[in-house]
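Written below as structure tokens is the structure these notes are about.
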Amino acid sequence: MRRRARGGGGRQAEVVISGLGAKGDGLAEIDGRPLFLPQTVPGDRVLARVTGERSGGFKGTVIELLEAGPLRAEPPCPFFGPCGGCALQHFDEAAYGDWKAALLPQALERRGLEAGKLNPLVKIPPGRRRRLVLSATRTAKTVLLGYHERESHQLVDIDHCLLATPGLTALLPPLHDFLGALLSVREEARITLLESETGLDLLIDSRHPLALRDRELLAAFAETADLARLSWADSGAEAELVSLRREPLLTFGGVPVVPPPGGFVQPSAEGQQALVDHVMAATPKTAKTAADLFSGCGTFSFPLAERLEVYAAEGERDAVAALSAAARRSDRAARITAEVRDLARFPVLADELSGGDVVVFDPPRNGAREQVRELAASDVPLVIAVSCNPTTFARDARSLVDGGYRLKEATPIDQFPWSGHLELVAVFER
């Protein structure tokens, strides 16, 4: 952080950072309430400006770093600071690992819970992210492609990302130039990139109207950049295939799957494998049936179906279509039943789960409140939770424990380096 002073209004105070909040912001105290300050670490002494209220306290910005704390490190990325993609590159690596590992037990403690066994943090290093979601806009002078600044609509233009795989990083400069030729001034686009096992998969989501010339440009770019697939969507509408040079494939449990354009998959192959390994290790060899809830396109369904009968439920229709198509092409079609089901509105009922051996659920960040109520009332002997949000996981875990389950074991997995996001796997037994 550069030592500098800024003008402007707002209340100012000199504070010392005492810890980090759950999102990675430094914590100080003012008027007996917490003050959240981004890009600070414990031990920093700063001059801060209060800018508003947040989570029972205040949020603010740093006017000047008066004295650096002993845990401050030099950020490795030149875009750190303005770019909102990473929050903690300035934090000592060992201290960062300790802080990240503590997020899960702290979330459980706030709900009055404790895991019977808390495994060490599994760390996925930077440079492994195979899926990126970027924003782009065409200005009067140039194209901006990158991430938004923190709490801002302003884009930070990047030409590389330390989180991404080398293949995705190499695509950024030519993609930047291509968008300059495609988009008109003031047009915007949302870019989803996936490095599949057979090549790069690109989805462009924009209101830019596609003319014949645009389609020719898109096809030529797919050829030049050696894309596996290029798709186009208009403001979240169903994606249109523009170029398919080969199917983008990901392998789940030995089964090749073609994910839908822009569809959710685990952000790294290493993180995916860690999650699958822990789920499979917790699944008893005597189990015969499993329900995979919030199944996506089969990350856990296919490994489970190597030896179990699997019921997969997912709210996204295109994900279920991808799962079903892959199952039909494999030797597991007879062992997988997949259904499109909005589990927030129509959870799988306790009676429907009755007699099953295992339930795996992997909800979005807001958790599985409605589905967990049914799980808590069920007679399933083993529930395996996968989550990317310790806070909503702890809320759901409380419901399961209140319903008669015991939190046997939990494993934190950091596949979102330099951020406050944490993946985890937890095992519940009746």
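Name the residues in the range 326-355 that are over 25 Å from the mean Cα position of the chain (by Cα) and either hydrophobic (A, V, I, L, M, F, W, C) or over 20 Å from PHE302 (Cα atoms) (or both), would you?
ALA327, ALA333, ALA334, ILE336, LEU349, ALA350, ASP351, GLU352, LEU353, SER354, GLY355
Which of (1) of a type in the set (A, V, I, L, M); (2) touching a Phe, Trp or Tyr at 6+ places or on another chain (Cβ under 9 Å); (3) open to solvent by less than 10 Å² (accessible area, probe 1.4 Å); (4) more than 21 Å from TRP99 (Cα to Cα) is the odd one out, the single condition LEU35 does not satisfy?
With respect to (1) of a type in the set (A, V, I, L, M); (2) touching a Phe, Trp or Tyr at 6+ places or on another chain (Cβ under 9 Å); (3) open to solvent by less than 10 Å² (accessible area, probe 1.4 Å); (4) more than 21 Å from TRP99 (Cα to Cα), LEU35 is out only on (4).
What's the total number of residues in the range 219-249 that are open to solvent by less than 50 Å² (accessible area, probe 1.4 Å) and within 17 Å of ASP318 (Cα to Cα)?
Result for the range 219-249: 8.
Within the range 269-287, can one find any residue that is crowded, with 22+ Cβ neighbours inside 10 Å, on the phi < 0 side of the Ramachandran plot and assigned to a loop (DSSP other than H, G, I, E, B)?
Looking through the range 269-287, none of the residues is crowded, with 22+ Cβ neighbours inside 10 Å, on the phi < 0 side of the Ramachandran plot and assigned to a loop (DSSP other than H, G, I, E, B).
Which of (1) of a type in the set (Ser, Thr, Tyr); (2) without any contact (Cβ under 8 Å) to a residue 60 or more places away in the chain; (3) surrounded by 20 or more Cβ atoms within 10 Å (Cβ to Cβ) is the odd one out, the single condition SER196 does not satisfy?
In the conditions (1) of a type in the set (Ser, Thr, Tyr); (2) without any contact (Cβ under 8 Å) to a residue 60 or more places away in the chain; (3) surrounded by 20 or more Cβ atoms within 10 Å (Cβ to Cβ), SER196 misses (2) alone.
Could you check the range 147-156 and list, in sequence order, the residues that are surrounded by fewer than 16 Cβ atoms within 10 Å (Cβ to Cβ) and outside any strand (DSSP E or B)?
Residues satisfying the conditions are GLU151, SER152, HIS153, GLN154.
So which residues in the range 263-295 are out of contact with any strand residue (DSSP E or B) (no Cβ under 8 Å at 6 or more places or on another chain) and among the hydroxyl-bearing types (Ser, Thr, Tyr), if there are any at all?
THR286, the sole residue that qualifies.
Which of the following residues is in contact (Cβ under 8 Å) with a residue 12 or more places away in the chain, open to solvent by 70 Å² or more (accessible area, probe 1.4 Å) and of a type outside the set (A, V, I, L, M, F, W, C): ASP214, ASP159, ASP201, ASP205?
Just a single option satisfies the conditions, and that option is ASP159.
One residue is enough: does the range 346-369 have a residue meeting the conditions touching a helix residue (DSSP H, G or I) at 6+ places or on another chain (Cβ under 8 Å), basic (Lys, Arg) and closer than 24 Å to VAL427 by Cβ?
Within the range 346-369, one or more residues are touching a helix residue (DSSP H, G or I) at 6+ places or on another chain (Cβ under 8 Å), basic (Lys, Arg) and closer than 24 Å to VAL427 by Cβ.
So for the range 353-363 (the condition being closer than 14 Å to LEU293 by Cα, open to solvent by 10 Å² or more (accessible area, probe 1.4 Å) and hydroxyl-bearing (Ser, Thr, Tyr)), does at least one residue qualify?
No, there is no match, as no residue in the range 353-363 is closer than 14 Å to LEU293 by Cα, open to solvent by 10 Å² or more (accessible area, probe 1.4 Å) and hydroxyl-bearing (Ser, Thr, Tyr).
Checking the condition part of a helix (DSSP H, G or I), hydrophobic (A, V, I, L, M, F, W, C) and surrounded by 17 or more Cβ atoms within 10 Å (Cβ to Cβ), which residue from ALA87, ALA95, ALA115, ALA136 passes?
It is ALA95.
Can you tell me which of (1) open to solvent by 40 Å² or more (accessible area, probe 1.4 Å); (2) charged (D, E, K, R); (3) touching a strand residue (DSSP E or B) at 6+ places or on another chain (Cβ under 9 Å) is the one ARG130 doesn't meet?
Just one mismatch for ARG130, condition (1).
Considering only residues that are open to solvent by less than 20 Å² (accessible area, probe 1.4 Å) and either closer than 25 Å to CYS161 by Cβ or in a loop (DSSP other than H, G, I, E, B) (or both), which ones fall in the range 98-112?
LYS100, LEU103
Quickly run through the range 168-203 and pick out the residues that are over 18 Å from VAL258 (Cα atoms) and part of a strand (DSSP E or B).
Once the filter is applied, which keeps residues that are over 18 Å from VAL258 (Cα atoms) and part of a strand (DSSP E or B), the range 168-203 yields GLU188, ALA189, ARG190, ILE191.
Does PHE416 satisfy being aromatic (Phe, Trp, Tyr) and crowded, with 19+ Cβ neighbours inside 10 Å?
yes
Output the number of residues of the range 364-381 satisfying the condition of being open to solvent by 10 Å² or more (accessible area, probe 1.4 Å) and touching a residue at least 60 places away in the same chain (Cβ under 8 Å).
Number satisfying all stated conditions: 1.
The values are calculated or read from the model by the stated rules, or taken from the named source; none is laboratory data. Note that the structure is a prediction, hence the values are computed from the model and not measured. Note that each Cβ is placed from the backbone with ideal geometry, even for glycine, and that neighbours are counted across all protein chains shown. Surface accessibility is based on the protein's heavy atoms, side chains included, excluding ligands, DNA and RNA. Shrake-Rupley method; radii C 1.70, N 1.55, O 1.52, S 1.80 Å.
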